[in-house]
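Below you'll find the structure, written out as structure tokens, and then a few comments.
The values are calculated or read from the model by the stated rules, or taken from the named source; none is laboratory data. Note that the structure is predicted; figures quoted are calculated from it, not measured. Cβ: placed from backbone, ideal geometry, glycine included. Neighbour counts: every protein chain shown. Just the protein is used for accessible areas: all its heavy atoms, side chains included, with ligands, DNA and RNA removed. Shrake-Rupley method; radii C 1.70, N 1.55, O 1.52, S 1.80 Å.
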Amino acid sequence: MKFLADAMLGKLAEWLRILGYDTVSASDLSILDDDYLLDIAEDEGRILLTKDRGLHERARKEGVESVLVDGEDVEHQLAFLVREGYVELDDVPSLERCPRCNGVLKPVSKSEVRGLVPMGVYMSQDEFWACSNCGQIYWKGSHWKRMKEFVERVRAIIST
Ligand SMILES: [Zn+2]
């Protein structure tokens, strides 16, 4: 499942990447033109995620798979996608995709990140991942805990 999130859903795009889904965000690409957006969805076989009913209906008319995303905040939007069967919540966070740029993450050895991460992090962590696109380095730090808490909130919404 590959996604293209419209400019209003940049935060959702980031979370889909955290969950391991290949997700392009219109706001990252500075795409403001709907024709171009629909072209990318079609050419790359991406499902368009949008909150714009007009764009959603146009996409469908042009044969582009599109989801009119329900939910005011990112937790509810993600819960909606899980309920609709587009996204699964297991295996979280996946450390497969860079939340910033959608690049593929690769495990890197501790020695490779020496000097590239804060010393406290270097001393306390043994596992690191690097983005093959932008070079950002990731580890299971405090943000890791926040991600898990976020997923718990989404699960709570789904179960109500
Ligand atoms: Zn990146």
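A few points about this structure:
- Per residue solvent-accessible surface (Å²) - the chain, probe of 1.4 Å: 55 Å²
- Residues whose amide H falls under 5 Å from that of Leu49, counting only those 5 or more places apart or on a different chain, are Leu4, Ala5, Asp6, Val67, with hydrogens built in the peptide plane.
- Built amide H within the under 5 Å cut-off of Gln136, gap 5+: Cys131
- The 3J(HN,Hα) values that the Karplus relation (6.51, -1.76, 1.60; θ = phi - 60°) gives for region 69-81 are, in residue order, 7, 9, x, 7, 10, 5, 4, 5, 5, 5, 4, 4, 5 Hz. Gly and Pro appear as x.
- Fraction of antiparallel bridges per DSSP, the chain only, in percent to nearest 5: 45 percent
- From helices alone, the chain scores -11500 deg cm²/dmol at 222 nm; the rule is -39500 (n - 2.57) for each run of n ≥ 4 DSSP H residues, then divide by the residue total.
- Karplus-derived 3J(HN,Hα), 6.51/-1.76/1.60, for each residue of region 32-46, Hz, glycine and proline x: 10, 9, 4, 4, 5, 4, 5, 4, 5, 4, 5, 5, 9, x, 9
- The phi torsions of region 140-157, fed into the Karplus equation with coefficients 6.51, -1.76 and 1.60 and a -60° offset, translate into couplings of 8, x, 5, 5, 4, 5, 5, 4, 5, 5, 4, 4, 4, 5, 5, 4, 5, 5 Hz, rounded to whole numbers, with Gly and Pro shown as x.
- Protein heavy-atom surface of the chain, 1.4 angstrom probe: 47% of the accessible area is carbon and sulfur, with nucleic acids and ligands not counted.
- Cβ-Cβ FRET estimate between Asp22 and His143, R0 fixed at 25 Å, reported to 0.05: 0.75
- Each Cα pair of the chain feeds into the Kirkwood radius, which the Stokes-Einstein equation turns, at 25 °C and 0.890 mPa s, into a diffusion coefficient of 147 µm²/s.
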